[in-house]
Amino acid sequence: MDEMEERERKVIFPVLQRLMAFGAKDEAACKVKLFIASRGGQRDLKLALGKDGWKRMGLEKSDTGGDIRKYVESQTAAVIEAGELLDGDVDDGLKEEIVESLVNGAEGM
């Protein structure tokens, strides 16, 4: 959600509200489940979805950092091997700098 522009939020939030209202009638029978990821913006989510009917689950960088690093390392190696990054001419120092930049830029997401 934090990557969305304000104008996009104004469009999507009413849709989310309708989905949440549909699910609230009979939570046990409801087949509508929403997963919304955001680095913050809880205020926006509370405004959009109301105070009740949703649960917050916190994740920290330490929860996801290792998985993100493994993924970035494997994908970086794949594009280098395929010659899609600098025609495959990437030394270990540059490769590590690319991985570090991507992992740090992900901020745990």
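What follows is calculated from the coordinates using simple rules that are stated; it is not laboratory data. None of these values were measured; they are calculated from a predicted model. A quick note on method: Cβ atoms are made from the backbone with ideal geometry, for glycine too, and the neighbour counts reach across all protein chains shown.
Quick notes on this one:
- Compared with the alpha-carbon gap, the fully stretched path from Leu34 to Glu5 is longer by 8.4 nm at 0.36 nm per residue.
- Legend: ranking of residues Arg9, Arg18 from fewest to most surrounding C-beta atoms inside 10 Å; resulting order Arg18, Arg9.
- Region 53-109: trypsin sites (Lys or Arg not before Pro) in DSSP loop, at most 12 other beta carbons within 10 Å: Lys55, Arg56
- Gain on full stretching of the segment that runs from Glu81 to Ser62 - 0.36 nm per residue minus C-alpha separation: 3.9 nm
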